[in-house]
Amino acid sequence: MSDEANIIVGLEIGTSKICAVVGEQNGDGTLNLVGLGQSPARGMRKGEIVDVAQAEECVRNAIVEAEQMADVEIRSVYLGVTGAHIRGFNNRGVHPVVSADREISEDDVQDVVKNAKAINLPAENTVIHAVRQHFLVDGHDGIANPVGMFGARLEVDMHVVHGNTNRLQNSVRLVKGLQLEVEEIVFNGLASSLALLTSDQKELGALVIDIGGGTTDYVVYYDGVIKHTGVLAVGGDHVSNDLGHGLKVPLSRAEKLKVEHGSAVVDEAVKGQAVTILNDLGLPLRTVNLEHLQRIMALRLEEIFQIVSADLEQAGFTDYLGAGVFLCGGGARVPNIARLAEPVLQLPVSLGQTNSISGLKSALDQPEFVTAIGLAKFGSLKTRKRKKSAWWPHLPLPWK
């Protein structure tokens with residue numbers, strides 16, 4: 001049985017699946033995955049709960065499975081959140097240094113951070129993350145920690161992620177209804193990037209795109225910190241819907257066809273080929289042209305990448321992604337998806353690989369588990385920071 005004091009759990013309540021990952025923090029602070037529980041999701045739409053009773057049962061099933069595999073009792077989780085209501089933007093806080101000798105103190109840092117957070121959010125919204133990027137002292141930028149420096153004017157650039165309070169609380173309330181504490185809510189895109197990116201990739205500039213069932217989350221890192229975040233209310237389920245309409249088949253058949261014959265790029269080998277769909281009695285129902293199937297998929301997936309590309313261009317980050325693009329989420333399983341994405345994004349694209357995490361090989365290699373693994377890693381980094389802050393109070397935030 002694992003030492004429950006060192007247990008950290010990431011819980012993703014997704015559109016198509018619920019996933020709970022149990023991590024054990026080693027003495028050196030690294031994370032070892034010891035349990036995984038999953039359940040098909042019901043009562044979810046576009047990353048948000050639409051039927052509490054159905055969703056609660058699915059979450060309970062995933063938690064129980066994770067507990068059994070890890071041989072622990074789960075008491076609290078780091079909860080992933082997504083949805084079209086979530087927004088991210090950059091903000092600058094300003095604070096005059098008023099001490100007689102103009103030496104910047106920890107209090108000055110807290111004040112300037114507070115000022116950067118004091119933004120005019122819609123009344124119904126709440127801040128999920130306020131991530132420090134860099135400090136400026138008297139206009140000199142790129143400063144990681146200004147404490148002890150001299151200056152008259154202290155500024156900080158922050159990336160703020162916020163969302164609708166009630167819609168975020170729906171997930172929290174569901175989890176608490178299962179007698180579990182929510183340690184913190186975490187934007188899914190942030191969690192995925194934590195699981196995938198190395199420090200070098202964050203410095204060079206990297207884009208993580210997490211294609212889920214009902215949403216696509218994306219995060220830009222550059223200079224070691226988060227610069228941009230976004231959520232599209234489009235994901236793998238929309239590809240299945242398009243196939244259902246385009247091929248005139250039920251949604252369940254469309255999903256099966258997507259998995260068995262799908263591709264993000266039309267495969268030359270399937271041209272002229274067809275597959276026969278049988279009805280419930282095993283009799284031929286209709287014939288589906290495979291080239292047509294793959295063309296429908298390619299158009300929808302291309303649209304997702306086009307929207308992300310247009311947003312990055314508008315935000316001015318297309319030239320700052322030296323490490324390229326990393327794909328994860330269930331949608332990253334579609335064959336040839338990197339081949340489709342590269343010409344649209346005009347960047348090298350690869351499937352993301354989890355880093356600096358050990359344990360269950362079966363989970364570490366699957367793109368659909370990246371978010372839940374990242375949630376556990378977020379919790380692990382927060383725990384390490386709390387333990388160390390007693391002797392070194394100015395540690396960087398865990399997602400830097």
Are there trypsin sites (Lys or Arg not before Pro) in segment 157-260 that DSSP marks as loop and that have at most 14 other Cβ atoms within 10 Å, and which are they?
K248
Using Rg and Dmax of the Cα atoms in Å as the read-out, say which of (1) 22.5, 87; (2) 19.5, 57; (3) 24.9, 76 was calculated from these coordinates.
(1)
Most fluctuating residue given options D280, D237, D28, as computed from a GNM of the chain linking Cα atoms under 10 Å
D280
Among all helices in the chain defined by DSSP H, which have a length of 20 Å or more along the axis from Cα atoms plus a Kyte-Doolittle mean of at least -1.0?
52-70, 290-315, 370-388
Between S358 and E342, 0.36 nm times their residue separation minus their Cα-Cα distance comes to what?
2.8 nm
How large is the Rg to Rh ratio of segment 1-80 when both quantities use alpha carbon positions and Rh follows Kirkwood?
1.02
Percent relative contact order for the chain, counting Cα pairs under 8 Å at least six residues apart, stands at 19 percent
Send over the Kirkwood Rh of segment 284-338, from the inverse of the averaged 1/r over different Cα pairs, rounded to one decimal Å.
13.6 Å
Under the 7 Å Cα-to-Cβ spin-label approximation, V182 and N241 lie apart by a distance in nanometres of 2.5 nm
Report the full-extension gain for the segment D365 to V50: residue separation times 0.36 nm, less the Cα-Cα distance, to one decimal in nm.
110.3 nm
Please give the length that would be gained between S105 and V147 if that part of the chain were fully extended, namely 0.36 nm times their separation in residues minus their C-alpha to C-alpha distance (nm, one decimal).
14.6 nm
Order of F187, F305 from fewest to most other C-beta atoms within 10 Å?
F305, F187
Spin-label model distance (nm) - E313 vs V259, 7 Å beyond Cα toward Cβ
3.7 nm
Collect residues whose amide H, placed 1.01 Å from N in the peptide plane, falls under 5 Å from the amide H of H134; neighbours closer than 5 in sequence don't count.
D157
Footprinting proxy, E73, E313: sorted fewest to most Cβ within 10 Å, the residues are E73, E313
If you average the C-alpha positions of segment 131-149 and of segment 1-68 separately, how far apart do those two centres end up, in angstrom?
38 Å
When only DSSP loop residues count, what trypsin sites (Lys or Arg not before Pro) in segment 53-88 have their Cβ near at most 16 other Cβ atoms within 10 Å?
R75
Each label point is 7 Å from the Cα along the Cα-to-Cβ direction; what then is the distance between the points at N26 and V98, in nm?
4.9 nm
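Computed from the coordinates by the stated procedures, all read-outs in this text should not be read as laboratory data. Predicted, not measured: the structure shown is a model, and the values here were computed from it. No Cβ is skipped: glycine too gets one built from the backbone with ideal geometry, and neighbour counts run over all protein chains shown.
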